[in-house]
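Everything below concerns the one structure shown next.
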Amino acid sequence: MLHIRRAELEELCTKIFMAMGLPAEDARDSAEVLVSADARGIRSHGVAHLERYANGLKAGIIKSNATPVLLHETPCSIVLDAQGGVGLSLAKKAMKTVISKAGQSGMAAASVRNSNHFGIAGYYSEMAARNDMIGISMTNTAALGVPTFAREVAFGTNPIAFAAPALEGRLFSLDMATTTVTRGAVEVCLREGQKIPPFWAVGKDGLATTDPVSLLDDMLFQRGGGLLPLGGSGKSGAGYKGYGLAVMVDILCAIASGGTFGLSGVAGYTFSNKDIFTQFKPEVKSVKKKQMRKLENVLNELNMNSIDILFIDVEGFELNVIKGIDLNEFDIKCICIKAVPFTQQTKELRKLICSKGYKLIANISSDEIYVKIQNNY
Ligand SMILES: NC(=O)c1ccc[n+]([C@@H]2O[C@H](COP(=O)([O-])OP(=O)(O)OC[C@H]3O[C@@H](n4cnc5c(N)ncnc54)[C@H](O)[C@@H]3O)[C@@H](O)[C@H]2O)c1
């Protein structure tokens, strides 16, 4: 294993960021956030992500020299449009402002829209804690998470970080994605040639997958499949709670800042000390209407994705997997077998589904639709 001193790694990353066109201070701040992820063992969000930033900068998705625009300011809040700038350094600046305002007002919050990936959320909440304040930081991300019972992505990995100070520099720090794992964790498995555990994600057929290659590829091109919410699939591990938390982060980060969310989502983020909610009560009526309309869109997107339906793509399906699913526990009301071929395996599958209380109600193209028959029917 290669060992490198933290200061040297920070120096190297700073130089790389500067070579990519970042001003010296932004490059140093960005390097510090990345290296701090590695230093605390979060390999998924450390310097291994340099390539991602380099590609973003090269493609012009991330702007190296963007000047953020201040959209709104009160003694205890700011809303910024990041103009597509580098998330890492911008987030640090925003949290510095929040800390300074909270020092004056007792509490403060910032919301940033139109930004880019900001690395580990915990870096920013801990900045507040190191200034003897409670810190909260969240970001929404591109859609990578699949709602409970769905098989298509609708929300990001949307992390929540919370930090509170104790004595002598000790602090409590919670920093977690609201999906079971981050995309970065799947990338680590890919780099190390490992399979992913079956409870991390579902493939495009809506069933558990262990293949990091197809999962990352399908997520990239939004072909279906994605990461499960915290708590996993169905109801048994209370995955719907992770789903709810992820949507909450989308609302706080994207709706509050006027940014993007869900399928159109790229990072917006929010920091706060003590109380986030009062700061984002929209003061202007027309803004409030606009935000409510946006939330309406989020809800429509999620509803489309949340039908209690199990899709089974017969091509390459594993009868044993289906046998293993407790359909009662999952409260699945409808099953759709896609592209039914006339094989022995399909016959067995039909028998299995009917034995669990489902009835064939329709043949659409070559798909078969089964619904759960209630006892009192
Ligand atoms: N910027 C982005 O777009 C983005 C998106 C998602 C996640 N992230 C970041 O990815 C990082 C990893 O997220 P994650 O959800 O995989 O984290 P994780 O599951 O590794 O850890 C989540 C939390 O649980 C704690 N923890 C871990 N093991 C524990 C144990 N055995 N006992 C007690 N506590 C334990 C950790 O300290 C952390 O606070 C976070 O820093 C997060 O902010 C960033």
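Output yes when any residue across region 37-47 is within 25 Å of residue 186 (Cβ to Cβ) and away from the ligand (no atom under 16 Å from the Cβ), and no when none is.
no
Going by the conditions given, is residue 233 among the small types (Gly, Ala, Ser), more than 15 Å from the ligand (Cβ to nearest atom) and surrounded by fewer than 16 Cβ atoms within 10 Å (Cβ to Cβ)?
no
Are there helices (runs of 4 or more DSSP H) fully within region 312-377 with at least 1 residues that are at pLDDT below 65 and within 19 Å of residue 149 (Cα to Cα)? List them.
By residue number, 319-324, 327-330.
Pull out all pairs, ordered by first then second residue, where Cβ-Cβ is under 8 Å, the residues are six or more apart or on different chains, the first lies in region 166-195 and is free of Cβ contacts under 8 Å to residues at least 40 places away in the same chain and under 19 Å from residue 218 (Cβ atoms), and the second is assigned to a helix (DSSP H, G or I) and more than 12 Å from the ligand (Cβ to nearest atom).
What qualifies is 189/212; 190/212; 190/213; 190/216; 194/212; 195/189; 195/212.
Could you list, in sequence order, all residues of region 219-230 that are away from the ligand (no atom under 16 Å from the Cβ) and modelled with pLDDT of 90 or more?
Let us first name the residues in region 219-230 that are away from the ligand (no atom under 16 Å from the Cβ), namely 221-225.
If the condition is that a residue be away from the ligand (no atom under 16 Å from the Cβ) and modelled with pLDDT of 90 or more, then 225 is the only one that fits.
Conditions first: (1) surrounded by fewer than 21 Cβ atoms within 10 Å (Cβ to Cβ); (2) more than 24 Å from the chain's Cα centre (by Cα). Residue 27 passes all but one, so which condition is the exception?
Exception for residue 27: condition (1).
May I ask you to say which residue of 50, 88 is assigned by TED's automatic domain parsing to the domain that holds residue 28 and within 16 Å of the ligand (Cβ to nearest atom)?
Residue meeting the stated conditions: 50.
So residue 237 fits all but one of (1) assigned to a loop (DSSP other than H, G, I, E, B); (2) in contact with a strand residue (DSSP E or B) (Cβ under 9 Å, 6 or more places away or on another chain); (3) under 25 Å from residue 248 (Cβ atoms); what number is the exception?
That leaves (2) as the condition not met.
Being surrounded by 20 or more Cβ atoms within 10 Å (Cβ to Cβ), within 12 Å of the ligand (Cβ to nearest atom) and closer than 14 Å to residue 246 by Cα narrows it down to one residue among 154, 142; which is it?
Selected residue: 142, the only one of 154, 142 that is surrounded by 20 or more Cβ atoms within 10 Å (Cβ to Cβ), within 12 Å of the ligand (Cβ to nearest atom) and closer than 14 Å to residue 246 by Cα.
Quick one: which helices (runs of 4 or more DSSP H) sit completely within region 1-75 and have at least 3 residues that are farther than 26 Å from residue 181 by Cβ and touching a residue at least 24 places away in the same chain (Cβ under 8 Å)?
6-19, 24-39
Return a yes/no flag: does region 97-111 have any residue that is more than 12 Å from the ligand (Cβ to nearest atom), part of a helix (DSSP H, G or I), in contact with a strand residue (DSSP E or B) (Cβ under 7 Å, 6 or more places away or on another chain) and on the phi < 0 side of the Ramachandran plot.
yes
Keeping to region 157-178, report how many residues are near the ligand (Cβ under 9 Å from one of its atoms) and in a loop (DSSP other than H, G, I, E, B).
Result for region 157-178: 5.
Of these, 215, 167, 171, which one is at pLDDT 90 or above and assigned by TED's automatic domain parsing to the domain that holds residue 251?
171 is the lone residue from the list that is at pLDDT 90 or above and assigned by TED's automatic domain parsing to the domain that holds residue 251.
In region 116-145, how many residues are in contact with a Leu (Cβ under 6 Å, 6 or more places away or on another chain) and in a loop (DSSP other than H, G, I, E, B)?
4
Identify the single condition in (1) over 15 Å from residue 89 (Cα atoms); (2) within 16 Å of the ligand (Cβ to nearest atom); (3) among the β-branched types (Val, Ile, Thr) that residue 62 does not satisfy, given that it satisfies every other one.
So the condition that residue 62 fails would be (1).
From the list 185, 121, 208, which residue is within 9 Å of the ligand (Cβ to nearest atom) and outside the structural domain of residue 99 (by TED's automatic domain parsing)?
So the residue among 185, 121, 208 that is within 9 Å of the ligand (Cβ to nearest atom) and outside the structural domain of residue 99 (by TED's automatic domain parsing) is 185.
What do you reckon, is residue 245 in a helix (DSSP H, G or I), in the same structural domain as residue 114 (by TED's automatic domain parsing), at pLDDT 85 or above and under 20 Å from residue 98 (Cβ atoms)?
no
The values are calculated or read from the model by the stated rules, or taken from the named source; none is laboratory data. Please read these numbers as outputs of a predicted model, since none were measured by experiment. Positions of Cβ are backbone-derived with ideal geometry, glycine not excepted, and every protein chain shown enters the neighbour counts.
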